[in-house]
Structures are given as structure tokens and as C-alpha cells.
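I have placed the structure first, in the form of C-alpha cells, so that the comments after it can refer back to it.
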Amino acid sequence: MKRPIAAIAGTGRGLPAAVMTNFDFAKIGIETTDEWITERTGIKQRYIAREGESTTSMAAAAARQAMQRAGVSAGEIDAIVLSTATPDRLLPATAVDLQAELGATRAAAFDIGAACAGFIFAATVAEGMITTGVAETVLVVGSEKMSSIIDWQDRSTCVLFGDGSGAAVFRRAKHHKGILSTYLRSDGTLANLLYRPGGGACMPFCDDVLQDRSFYVKMAGREVFKHAVRSMADACDRALDGAKLTGKDIDLLIPHQANMRIIEATAKHANVSMEKVYVNVDRYGNTSSASVPIALDEALENGRIKDGMTVLLVAFGAGFTWASMVLRF
Ligand code: COA
């Protein structure tokens, strides 16, 4: 008997109302320019959550849209797997707040911490649940309020990130569509190149942590850049091998939207021409685990992904973690 396949039945996205452009940094006293940010990263603007907008509320907006497009009611959801580096509270998981918000009372709900690669990690967990018969319908969400953990006094990081959420409903596929291959990797020996030193259980929140701002994201930008290029290339190779495909078979590459130069290097390595690469980093900045599902949702909505197309997802982030997935639509 053929192994069942998990496929996307619907996607959605949820964004804050407010947009912050590169020019807005001057208004909050950050010494930077539109030229510097655009040249180094390709980012022109990002969405920033304001009062009342949370990781859960953005996730709920994305999830409702995904469920509506999938034709799935809250009561049909067996599991919610939510990826976030910015949970609304440290306990319990943001996924259970989302569950309550949606009224998905039958679901098992839990968070995944795999940073910017988190959506692909979460989708792989969903695939495992579906193909082993643990669940039939799984809601997978990447939701981030990055503005709550970046240091607004550090110009080398605060210009890079944005807030938002993307969601996808995965179900058991009836046809030969869905996840064809997946690849997940991590390297914890490099954790200190992109991390939040303070505020967790080993350095609990206290006056010192507050004073030295160690609860904010710290990043060795150049090192992260090098590893991102190398790891995303590796991940593309592995997922393509797993699906027995080459870059030429890919109709659309959706890379993690962190930096235009990393995206271009990834596409070149994977042998996918830039016309077949989905780019929205200019409008969103780096939304961590929300980046891939937001791009996926846009690409489905605007017709860049059509029936029968083969799509490669690839992402890299803190941990380091990196991951890739080939899907047929
Ligand atoms: N505006 C203006 N100047 C800035 C700046 C900003 N926002 N941020 C840093 N600079 C300055 C630095 O102070 C430094 O000045 P100096 O030479 O006088 O010391 C100079 O620009 C170069 O800094 P550097 O950090 O070496 O720049 P870079 O070319 O490596 O670009 C990044 C910085 C962050 C854009 C780049 O390293 C990068 O994109 N890294 C990957 C980050 C990423 O994507 N992380 C998430 C992965 S999931």
C-alpha cells in the first residue's frame, strides 16, 4: 500500500495594521539610511505590531483565512502546531491560546521552537501526524512579534525584522499532491551567533538582564550571513535529492525572506532562475517563522502557484536550524 501524503488545503496570513518604512527609523533616532538597508538587505518596509496586536491575534487572523480557504471548521482540527520565537507568554504555549481563540476544542496544540526554519519543522511534524494516522487535519502556523525581542537601540538588528503570521491547513491528500520530500537540520554549537542570552531559565529576568539588554536578540551578522548561504544551499540539495528532482524541475522557489543577497545566492546554488523565486522581503523584512508561510500564501493568492506546480521551500535561522521541503500543488 502506498504511503499517504499530507497536502496543503488552504493558506492564510495575518499582519499588523502599521507599516514602518526605512525612512521611519530617523523618527525614532536610529542612525541609518534607506540606502544602507536596501543595499545590504533589500528591505524597504516591515509591518510592526502595535498595542492589542499579539503573536496569537496575528496567528488567529492567518488561521481563520487558511481554514476558510480549506473549507475546514474549528471542530475538524485535530492538531495545531505553532512555530514561534516570540510566544505571547512563556507558559503555556501560544498554540493553546490560538486554540481557545479559534474554538478548536478537539485539537492537541503545542509550540515548536526552530526559529526562522520553524514553519518547515512544524509542517514536517504535521506530515508525520497525518501519515501515521494520528491526525487527519493539522493547522500549521508561523507567527512572530519580532518587534518585541529586537533591541530598538541596535541599528544592526532592528532594521532587519518585522511582525506577522502565516498559516496552512494540512490534510491527507487524495491525489499525488502534497509533501514530496522534507529535510531538517540543526547545529547547536553555533547557537551564540544568533540568540537571546538573558531572560530564560538559565539567566532569569532580573535588573542585570534589564540593564545590559541581554534579553534582546544578539547577532553576529556576517557569520550568520555565511552560514545562511551555506546551509540554505545544502537544504535545497537535500530536498531535491529526496524528491528525485533537480532545480530545473522547480516551478517556484520560496526561500526564507531575510536578505535579498542570501536569496540570490540560494537560487543560484539551486539552479533556479530568479524569475522562479518568490521575493517579498522588500515589503515584510524578516518575519522569522512567518516568512515562508506568508510568501506561500501570497504566491497561492496571486497565482504564482498553479495546480500541478512543484514548489521548493527553504529556510534558515537561529540554532542554527535549517530546513527544506518540496511540495506538489
Ligand atoms: N545603518 C547604517 N549602518 C549600519 C547599520 C545600519 N542599520 N547597521 C550596521 N551599520 C554599520 C556598522 O556599524 C558597520 O560600521 P563600521 O564599518 O563603521 O563599523 C558597517 O555598517 C558594516 O557593518 P557589518 O555588520 O559588517 O555589515 P554587513 O555588510 O555584514 O551587513 C547585515 C550587516 C546585518 C545586513 C548582514 O551581515 C546580514 O544580512 N547578515 C545576515 C543577517 C540575517 O539575515 N539574519 C537572520 C538570519 S535568519
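Structure data summary
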| quantity | calculated |
| --- | --- |
| Matching entry among R3, R46 (being among the charged types (D, E, K, R) and either at pLDDT 95 or above or in contact with a strand residue (DSSP E or B) (Cβ under 6 Å, 6 or more places away or on another chain) (or both)) | R46 |
| Evaluation of E35 against (1) within 24 Å of F119 (Cα to Cα); (2) in contact with a helix residue (DSSP H, G or I) (Cβ under 9 Å, 6 or more places away or on another chain); (3) surrounded by fewer than 21 Cβ atoms within 10 Å (Cβ to Cβ) (one fails), failing number | (1) |
| In segment 111-149, the residues that are among the β-branched types (V, I, T), assigned to a loop (DSSP other than H, G, I, E, B) and either more than 17 Å from the chain's Cα centre (by Cα) or farther than 20 Å from G14 by Cα (or both) | T132, V134 |
| Filtered residues of segment 315-329 (kept if over 29 Å from H176 (Cα atoms) and either of a type in the set (K, R) or within 9 Å of the ligand (Cβ to nearest atom) (or both)) | G317, A318, F320 |
| Any hit, segment 6-26, residues being basic (K, R), touching a helix residue (DSSP H, G or I) at 6+ places or on another chain (Cβ under 6 Å) and either farther than 25 Å from R222 by Cβ or not in a strand (DSSP E or B) (or both) | yes |
| One residue from A270, A243 being among the hydrophobic types (A, V, I, L, M, F, W, C), modelled with pLDDT under 95 and crowded, with 18+ Cβ neighbours inside 10 Å | A270 |
| From the options T105, T56, T86, residue that is part of a loop (DSSP other than H, G, I, E, B), surrounded by 16 or more Cβ atoms within 10 Å (Cβ to Cβ) and either hydroxyl-bearing (S, T, Y) or within 16 Å of the ligand (Cβ to nearest atom) (or both) | T86 |
| Where L210 falls short, out of the listed (1) of a type in the set (A, V, I, L, M); (2) within 13 Å of the ligand (Cβ to nearest atom); (3) within 22 Å of G29 (Cα to Cα) | (2) |
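The values are calculated or read from the model by the stated rules, or taken from the named source; none is laboratory data. Just so it is clear, the model here is predicted, and its values are computed rather than measured. We place every Cβ from the backbone using ideal geometry, glycine too, and count neighbours over all the protein chains shown.
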